[in-house]
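These notes concern the structure reproduced below.
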Amino acid sequence: QVHLVESGGGLVQDGGSLRLSCAAFGRTPSTYSMGWFRQTPGKEREFVAGISWSGVSTYADSVKGRFIISRASAKNMAYLRMNVLKPEDTAVYYCNADACDPDKYCSGPMAGWGQGTQVTVSS
């Protein structure tokens, strides 16, 4: 099985930046996508950004132009650089992964949801 660990959250001012990290452990498939999601209390978890095995990325409309997802050469790490943060970005951020074509992003997700990392943007 696969499990993931998120880190890098914190408290920032409106307009500030943070970089989140995600590490995948366990029996990962040969090729897999990784992605970021976020959730606030009482709301459904929503997709933020995803990246394929080969590095093809996709973003939610709400974060396009502000967030950048990337992947380490070791392939078991994914990052989310968040720029121009806004109060509405405040949430617990989670990462997950799923197997698919190396040039495509997908997310089942295949792993359970972890604790996530809290991002709070003050107004």
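Examine the stretch 90-111 for a residue that is among the aliphatic types (A, V, I, L, M), exposed (fewer than 14 other Cβ atoms within 10 Å of the Cβ) and assigned to a loop (DSSP other than H, G, I, E, B), and state whether such a residue exists. The answer is no; no qualifying residue exists.
So, in the stretch 1-16, how many residues would count as being open to solvent by less than 40 Å² (accessible area, probe 1.4 Å) and charged (D, E, K, R)?
1
For Pro87, the criteria (1) under 20 Å from Thr117 (Cβ atoms); (2) at pLDDT 95 or above; (3) open to solvent by 70 Å² or more (accessible area, probe 1.4 Å) hold in every case but one, which is (3).
For first residues located in the stretch 1-21 and at pLDDT below 95, partners that are open to solvent by 80 Å² or more (accessible area, probe 1.4 Å) and lie 6+ apart or on another chain with Cβ distances below 6 Å form the pairs His3/Phe25. Going by the structure shown, is Val92 touching a Leu at 6+ places or on another chain (Cβ under 9 Å) and under 19 Å from Ala60 (Cα atoms)? Taking the combined requirement at face value, the residue does not satisfy it.
Results for (1) touching a Gly at 6+ places or on another chain (Cβ under 8 Å); (2) closer than 21 Å to Gly9 by Cα; (3) not aromatic (Phe, Trp, Tyr), shown as yes or no for each residue.
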| residue | (1), (2), (3) |
| --- | --- |
| Ile51 | yes, yes, yes |
| Gly55 | no, no, yes |
| Ile68 | no, yes, yes |
| Arg71 | yes, yes, yes |
| Met77 | no, yes, yes |
| Tyr93 | yes, yes, no |
| Asp101 | no, no, yes |
| Gly112 | no, yes, yes |
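Against the test of being of a type outside the set (Phe, Trp, Tyr) and either over 16 Å from Leu4 (Cα atoms) or at pLDDT 95 or above (or both), the options Thr58, Thr28 yield a single qualifying residue, Thr58. For Thr117, state whether it is at pLDDT 95 or above, in contact with a strand residue (DSSP E or B) (Cβ under 6 Å, 6 or more places away or on another chain), among the polar types (S, T, N, Q) and open to solvent by 20 Å² or more (accessible area, probe 1.4 Å). No.
The values are calculated or read from the model by the stated rules, or taken from the named source; none is laboratory data. Just so we're clear, the structure is a prediction, and the values are computed from it rather than from any experiment. Counting neighbours? That spans all protein chains shown, and the Cβs are built from the backbone with ideal geometry, glycine included. Accessible surface areas use protein heavy atoms only, side chains included; no ligands, DNA or RNA. Shrake-Rupley method; radii C 1.70, N 1.55, O 1.52, S 1.80 Å.
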